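What follows is a set of notes on a single structure, which appears directly below.
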Amino acid sequence: MRFLRFSLISFAFVTFSAVGIVPAAAQPQPPNTTGIVITDAPFFIYPDANRTPLGTLPAGTRVNVQARDGDWYRIVVHDLQWGDRTGYMRVPNVRLEPSALATVTPRGTSTTTPSGTNPTTTTAPPPSQPSAVPLQSQSSSQERPSADRPGRGYVSVNGSFQTTSTAFDGISISTIYAETATSTAAYTVGRAPTVDIGGGVWVGHRLGFGGAVNWMTQRRGGAVTANQPNPFLFNAVRTASGDVSTLSRDEIGIHGDAIWGLATSPGFQLSVFGGPSYFRLKQDLVTGIVVNDGYPFDAITISGTTIAPAAKWQVGFNVGADVSTMFSRSVGVGALIRYSHASMHVSADGSPEVHTEAGGLQVGGGLRVRF
């Protein structure tokens with residue numbers, strides 16, 4: 001009798017379990033549908049809040065909810081810059097659209113219809129495409145602007161210093177007393193401050209194009225030397241030296257660059273660049289030396305010089321690197337190093353051409369603005 005009672009109880013339990021009277025507890029999974037982010041919330045590549053977020057989705061962002069993993073939703077968000085990105089967000093931060101909730105039917109159940117009527121199948125509408133939004137990257141401690149460029153454009157304003165000198169000499173040769181006379185002018189082009197203003201646009205994840213204009217001006221002295229033969233003696237050269245108080249030099253460099261991002265992290269960016277440059281140089285040149293040559297003709301002195309400006313445009317090149325950190329989404333500071341170079345020949349008022357160089361190594365830093 002006791003055995004019969006135990007058999008009946010076992011049979012009833014198995015039967016009820018098979019028809020679903022004793023269902024196993026299960027948490028229904030959300031459909032592949034649209035959800036709304038209800039508050040600014042971090043967006044992770046894995047369901048792990050201890051990792052650095054991919055970014056922050058602002059409240060109101062529409063996302064594609066694909067599945068639920070514990071306390072996390074696996075979502076897809078369409079970013080304006082990078083396209084569709086898949087990651088995880090905590091369940092309390094996402095609200096499924098009511099139309100989607102109404103269509104959720106746990107597996108293993110069926111619907112019945114009154115007799116005499118045709119059953120109809122209700123199909124959930126296809127998930128709508130989530131709206132495209134830019135991701136707001138953040139660090140684990142506080143929200144910071146994205147080093148993956150929160151916008152596609154930027155402007156930089158730098159104060160820099162040219163660390164190299166491009167001093168040069170000019171030589172003039174003439175014939176006096178049936179012998180050769182030479183005049184030499186030594187031009188001092190020292191280290192000087194420069195102003196650099198640039199901007200550009202990013203066209204891909206790491207590739208961008210930009211340009212910059214830098215300007216340097218200085219007023220430097222120079223030295224002149226005259227070598228003239230003796231009117232009475234052959235091979236008896238007389239030499240005199242003097243100084244030129246002020247020679248002006250204005251140099252403008254216009255640079256076009258391709259930019260490549262080497263390293264990025266929240267609030268930080270390192271990039272290198274290079275491309276052609278176009279220089280405009282305006283340089284004062286010594287076109288003549290006034291020499292005093294009198295009795296007894298054993299020595300000469302320099303009493304003055306004639307000076308005229310020379311101007312020249314010349315193509316060259318530039319390469320460099322830039323590192324920046326952002327204080328907010330749009331404003332930050334950075335450091336810049338640029339080497340540029342062009343070689344040219346200039347002359348003024350019919351004087352002999354003088355070889356000089358434009359550009360040099362410039363180091364500086366300043367303001368960064370992104371938009």
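The values are calculated or read from the model by the stated rules, or taken from the named source; none is laboratory data. All values derive from a computational prediction rather than experimental measurement. Here the Cβ is made from the backbone with ideal geometry for all residues, glycine too, and neighbour counts use every protein chain on show. When the accessible area is computed, the model is the full protein with side chains, heavy atoms only, and any ligands, DNA or RNA have been set aside. Shrake-Rupley method; radii C 1.70, N 1.55, O 1.52, S 1.80 Å.
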task = Determine which member of the set Tyr278, Tyr295 is within 30 Å of Trp202 (Cα to Cα), free of Cβ contacts under 8 Å to residues at least 40 places away in the same chain and of a type in the set (Phe, Trp, Tyr).
result = Tyr278
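Residues checked against (1) touching a Lys or Arg at 6+ places or on another chain (Cβ under 6 Å); (2) surrounded by fewer than 14 Cβ atoms within 10 Å (Cβ to Cβ); (3) among the aliphatic types (A, V, I, L, M):
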residue	(1), (2), (3)
Arg152	no, no, no
Ala192	no, no, yes
Trp202	yes, no, no
His205	no, yes, no
Gly210	no, no, no
Asn214	no, no, no
task = Just give me the residues in region 77-95 being among the aliphatic types (A, V, I, L, M) and either open to solvent by 20 Å² or more (accessible area, probe 1.4 Å) or modelled with pLDDT under 90 (or both), in sequence order.
result = Val77, Leu80, Val91
message = Can you go through Val272, Val224 and tell me which one is farther than 30 Å from Asn158 by Cβ, in contact with a strand residue (DSSP E or B) (Cβ under 7 Å, 6 or more places away or on another chain) and in a strand (DSSP E or B)?
response = Val224
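Residue-by-condition table, conditions (1) aromatic (Phe, Trp, Tyr); (2) touching a helix residue (DSSP H, G or I) at 6+ places or on another chain (Cβ under 9 Å); (3) open to solvent by less than 70 Å² (accessible area, probe 1.4 Å):
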position	(1), (2), (3)
Ser271	no, no, yes
Leu281	no, no, yes
Gly294	no, no, yes
Phe317	yes, no, no
Val323	no, no, yes
Arg329	no, no, no
ask   = Does at least one position in region 258-269 carry a residue that is of a type in the set (Ser, Thr, Tyr), part of a strand (DSSP E or B), in contact with an Asp or Glu (Cβ under 7 Å, 6 or more places away or on another chain) and within 26 Å of Val315 (Cα to Cα)?
value = no
query = If you check Val201, Val157, Val213, which single one turns out to be modelled with pLDDT under 95, under 28 Å from Val369 (Cβ atoms) and assigned to a strand (DSSP E or B)?
reply = Val201
query = Just wondering, is there one or more residues in region 216-234 that are free of Cβ contacts under 8 Å to residues at least 12 places away in the same chain, over 30 Å from Val369 (Cα atoms) and of a type outside the set (A, V, I, L, M, F, W, C)?
reply = no
Filtered residues of region 331-343 (kept if at pLDDT below 95 and open to solvent by less than 20 Å² (accessible area, probe 1.4 Å)) = Gly332
